[in-house]
Amino acid sequence: MIRLEGVQKVYEDGFKALKNINIEFKRGEISVLIGPSGCGKTTTMKLLNRLIEHTEGKVLIDGKDISTIDPIDLRRSIGYVIQHIGLFPHMSIKENVAAVPKLLKWDTERIEKRVTELLNMVGLDPDTYKDRRPSELSGGQQQRVGVIRALAAEPSIILMDEPFSALDPISREQLQDELVRLQKEIQKTIIFVTHDMDEAIKIADQIILMKDGEVVQQGTPVQILQNPANEFVEEFIGKERLQKYRSMPTVEEFMEKRSAIVSPDMPLPKAMKQMEEHHLDTMIVVDGYRQVKGQLSIFQMFNNNDANKLVVDVMKPVKYRVQTGTPLEDALTLMSQHDVHALPVIDKKLGCLGLITKNRMIEGMARIYSMPRKEGA
Amino acid sequence: MEWITDYFQFLAERYPDILKYTVEHLLMSIGSVVLGIVIAIPLGIYLSKTEKKLVNSFAFTIVNVFQTIPTIALLAIMIPFLGIGLKPAMTALFLYSLLPLLRNTYTGIKSVDPKIIEAARGMGYNSLQQLFRVELPLAFPYIISGIRVTTVYIISWTTLAAVIGAGGLGGLILSGLGFNSKPLIFTGTIMAIVIAVLADHLIGRVEKRLSYK
């Protein structure tokens with residue numbers, strides 16, 4: 001986890017690029033820094049590998065103040081993808097990808113293996129591409145190499161500075177999709193700078209919106225789209241996009257409420273009966289304080305056919321949940337990404353309201369389909 | 001057609017001398033260029049890195065001034081300081097080689113895309129690794145073409161070194177003038193041309209082999 005505490009950056013000429021930044025980048029998440037040009041988003045990112053030094057406050061990576069780490073070592077431990085690709089034109093694709101491992105003095109065999117693995121990961125055939133020069137690749141291919149070059153030495157943190165902005169719209173979309181797919185495998189802490197709101201909504205777990213060296217709002221894409229903090233945020237998101245999200249059916253409209261909720265101390269037969277009554281294959285276990293304790297699926301019922309057992313004995317932990325106000329579309333994406341059949345719906349105070357299942361989603365999707373098609377929708 | 005046979009006879013008689021002058025010429029010009037490379041390339045790298053504007057313009061002004069002094073005059077100026085012979089000649093030639101080498105090295109390093117430098121820095125190259133693995137390879141086409149141009153014209157200017165008694169193919173030409181011997185003048189000129197063309201071709205091949213594009 002990366003934490004910025006009261007970070008300021010004042011240049012020698014007195015220009016305040018960053019004013020009291022307090023943010024957290026969570027482990028394994030894609031955090032997107034976004035804002036108009038000059039807002040300090042790139043500066044904030046470059047603090048993390050000390051390409052820019054902050055003048056006040058603290059930057060902590062896993063609790064360690066980075067000003068105590070040698071910048072060269074720090075940079076080698078953090079992946080870096082820059083705008084306009086930045087591949088070394090005089091090196092082959094293989095040499096480019098191997099750059100940081102080479103600096104870290106990995107042995108040749110290990111480097112060779114890693115390069116092959118990475119090229120395969122982004123669908124570039126190693127035998128075809130590894131000896132080519134960057135100039136022999138298309139823009140999209142080059143930036144794929146840019147991304148795997150950053151992954152090469154297995155850093156846990158990756159910084160991406162508007163990595164897809166120079167690409168044509170089709171390659172850009174492809175690379176965004178690939179990044180989302182890749183992230184599921186690699187689970188890195190990614191700090192991604194962009195000025196493109198669509199890109200941010202698509203890839204972000206967390207969006208940090210900045211303006212004039214300050215954080216204006218941060219939260220999940222849904223939170224920001226549903227509750228823009230002020231006029232600036234609304235304007236930055238764009239009226240059209242807001243409209244689109246506001247008219248989208250949300251999870252709470254279609255969730256199972258009381259019918260899908262069981263308490264931890266309920267005997268299994270009773271829970272089974274409730275399942276049958278409401279035609280549910282998954283139920284959510286919620287305690288008296290409306291806290292999600294776990295989930296109960298038809299598989300656990302099947303494996304534990306024992307009248308003396310309680311729900312709490314057989315339930316499984318819940319990994320993913322959605323907030324109220326999440327559009328159905330996003331919930332569905334989450335479900336298919338993580339291959340789950342149902343997601344608990346949580347309100348702002350983290351209390352559980354109900355469960356959204358794939359079955360109920362059919363209704364919601366049917367409504368989306370019956371909506372008049374808007375341009376771009 | 002008689003002059004051809006005459007000329008071959010002349011070559012057959014004088015070839016040890018011709019060879020000696022040619023070798024002298026080669027050593028003198030290559031020596032000056034190598035000396036120039038040893039000084040100018042590191043200096044060019046330093047100048048491209050230094051933040052001090054004053055040092056920068058000072059160095060370039062001095063080198064520029066050497067460049068503007070007419071060759072024969074520079075050779076003459078050397079005599080009071082270094083006497084006659086090889087030393088003043090090579091010093092003068094070395095001074096001439098500085099500017100193009102320095103300029104090309106400087107421009108080459110400056111021409112490297114700042115985005116690529118930033119990528120290298122961000123990935124954790126230290127300054128020496130950045131210089132040797134990224135900047136110099138990328139600046140190489142500029143540097144080698146500087147070496148190529150410099151070598152070619154230093155070879156041609158080395159003919160003047162004979163004026164202050166340093167020998168070389170200029171010696172053949174000068175004695176040709178003295179004895180009114182056309183074959184001597186002709187041979188000196190042709191050999192200088194041949195050496196220059198060969199050097200140009202050779203460095204051109206190195207350039208092609210080692211440049212990344």
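Any residue that is crowded, with 22+ Cβ neighbours inside 10 Å, of a type in the set (S, T, Y) and away from chain A (no Cβ under 14 Å) - is there at least one of those in the range B:152-169?
Yes, there is a match, as at least one residue in the range B:152-169 is crowded, with 22+ Cβ neighbours inside 10 Å, of a type in the set (S, T, Y) and away from chain A (no Cβ under 14 Å).
Check A:Q183, A:Q142, A:Q176 and return the single one that is at pLDDT 85 or above, in a helix (DSSP H, G or I), buried (at least 18 other Cβ atoms within 10 Å of the Cβ) and more than 18 Å from the chain's Cα centre (by Cα). Spell out how you get there, then give the answer.
Working: A:Q183 fails: more than 18 Å from the chain's Cα centre (by Cα); A:Q176 fails: more than 18 Å from the chain's Cα centre (by Cα).
Exactly one residue qualifies, and that residue is A:Q142.
Among A:D70, A:D65, A:D127, which is the only one that is surrounded by fewer than 19 Cβ atoms within 10 Å (Cβ to Cβ), within 14 Å of chain B (Cβ to nearest Cβ) and without any contact (Cβ under 8 Å) to a residue 40 or more places away in the chain? Don't jump to the end; show me each part of the working.
Details: A:D65 fails: within 14 Å of chain B (Cβ to nearest Cβ); A:D127 fails: within 14 Å of chain B (Cβ to nearest Cβ).
After ruling out the rest, the residue left standing is A:D70.
Name, by its number, the condition in (1) hydrophobic (A, V, I, L, M, F, W, C); (2) touching a residue at least 24 places away in the same chain (Cβ under 8 Å); (3) out of contact with any Ser or Thr (no Cβ under 6 Å at 6 or more places or on another chain) that does not hold for A:F25.
It is condition (3) that A:F25 fails.
Quick one: A:R75 ticks every box in (1) buried (at least 16 other Cβ atoms within 10 Å of the Cβ); (2) at pLDDT below 90; (3) of a type in the set (K, R) except a single one, so which number is it?
The number of the failed condition is (2).
Out of all the residues in the range A:221-232, which are under 18 Å from A:N22 (Cβ atoms) and under 20 Å from the mean Cα position of the chain (by Cα)?
Result: A:Q223, A:I224.
For the range A:193-213, does any single residue satisfy the condition of being farther than 25 Å from A:A166 by Cβ and in contact with a strand residue (DSSP E or B) (Cβ under 9 Å, 6 or more places away or on another chain)?
Residues of the range A:193-213 that are farther than 25 Å from A:A166 by Cβ, as a first pass: A:212-213.
Now narrow it down to the ones that are in contact with a strand residue (DSSP E or B) (Cβ under 9 Å, 6 or more places away or on another chain): A:212-213.
The answer is yes; a qualifying residue exists.
Could you check, for the range B:130-151, whether at least one of its residues is more than 15 Å from the chain's Cα centre (by Cα) and of a type in the set (D, E, K, R)?
yes
Determine whether the range A:86-105 contains at least one residue that is at pLDDT below 90, crowded, with 17+ Cβ neighbours inside 10 Å and assigned by TED's automatic domain parsing to the domain that holds A:N49. Break it down stepwise before answering.
Taking the range A:86-105 first, the residues at pLDDT below 90 are A:86.
With crowded, with 17+ Cβ neighbours inside 10 Å added as a condition, the list becomes A:86.
Among the residues that remain, those that are also assigned by TED's automatic domain parsing to the domain that holds A:N49 are: A:86.
The answer is yes, given that some residue of the range A:86-105 is at pLDDT below 90, crowded, with 17+ Cβ neighbours inside 10 Å and assigned by TED's automatic domain parsing to the domain that holds A:N49.
Looking at A:E95, A:E112, can you tell me which residue is at the interface with chain B (Cβ under 10 Å from one of its Cβ atoms) and of a type in the set (D, E, K, R)? If you could, list the steps in order and put the result at the bottom.
Details: A:E112 fails: at the interface with chain B (Cβ under 10 Å from one of its Cβ atoms).
Step by step, each of A:E95, A:E112 is checked, and only A:E95 is at the interface with chain B (Cβ under 10 Å from one of its Cβ atoms) and of a type in the set (D, E, K, R).
Residues checked against (1) farther than 30 Å from A:N227 by Cα; (2) touching a helix residue (DSSP H, G or I) at 6+ places or on another chain (Cβ under 9 Å); (3) modelled with pLDDT of 85 or more; (4) not assigned by TED's automatic domain parsing to the domain that holds A:I224:
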| site | (1), (2), (3), (4) |
| --- | --- |
| A:R258 | no, no, no, yes |
| A:P264 | yes, yes, yes, yes |
| A:K273 | yes, no, yes, yes |
| A:E276 | yes, no, yes, yes |
| A:T282 | yes, yes, yes, yes |
| A:V286 | no, no, yes, yes |
| A:L296 | yes, yes, yes, yes |
| A:N304 | yes, yes, no, yes |
| A:K316 | yes, yes, yes, yes |
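If you go through the range A:121-134, how many residues are modelled with pLDDT under 90 and either part of a helix (DSSP H, G or I) or not assigned by TED's automatic domain parsing to the domain that holds A:A166 (or both)?
The number of residues fulfilling the criteria is 1.
For the range B:126-146, which positions are within 10 Å of another protein chain (Cβ to nearest Cβ), surrounded by fewer than 18 Cβ atoms within 10 Å (Cβ to Cβ) and in contact (Cβ under 8 Å) with a residue 12 or more places away in the chain?
B:F140 - this is the single residue of the range B:126-146 that is within 10 Å of another protein chain (Cβ to nearest Cβ), surrounded by fewer than 18 Cβ atoms within 10 Å (Cβ to Cβ) and in contact (Cβ under 8 Å) with a residue 12 or more places away in the chain.
Would it be correct to say that B:A166 is in a loop (DSSP other than H, G, I, E, B) and either over 16 Å from the mean Cα position of the chain (by Cα) or without any contact (Cβ under 8 Å) to a residue 12 or more places away in the chain (or both)?
On the way: in a loop (DSSP other than H, G, I, E, B): yes; either over 16 Å from the mean Cα position of the chain (by Cα) or without any contact (Cβ under 8 Å) to a residue 12 or more places away in the chain (or both): yes.
So B:A166 passes the test.
Looking at A:G288, A:G325 in this structure, which one is among the small types (G, A, S), surrounded by fewer than 14 Cβ atoms within 10 Å (Cβ to Cβ) and in a loop (DSSP other than H, G, I, E, B)?
Details: A:G325 fails: surrounded by fewer than 14 Cβ atoms within 10 Å (Cβ to Cβ).
After applying the criteria, what remains is A:G288.
If you go through the range A:333-352, how many residues are closer than 20 Å to A:H279 by Cβ, aliphatic (A, V, I, L, M) and surrounded by fewer than 19 Cβ atoms within 10 Å (Cβ to Cβ)?
Within the range A:333-352, residues that are closer than 20 Å to A:H279 by Cβ, aliphatic (A, V, I, L, M) and surrounded by fewer than 19 Cβ atoms within 10 Å (Cβ to Cβ) number 1.
The values are calculated or read from the model by the stated rules, or taken from the named source; none is laboratory data. This is a predicted model, so every value here is computed, not measured. We place every Cβ from the backbone using ideal geometry, glycine too, and count neighbours over all the protein chains shown.
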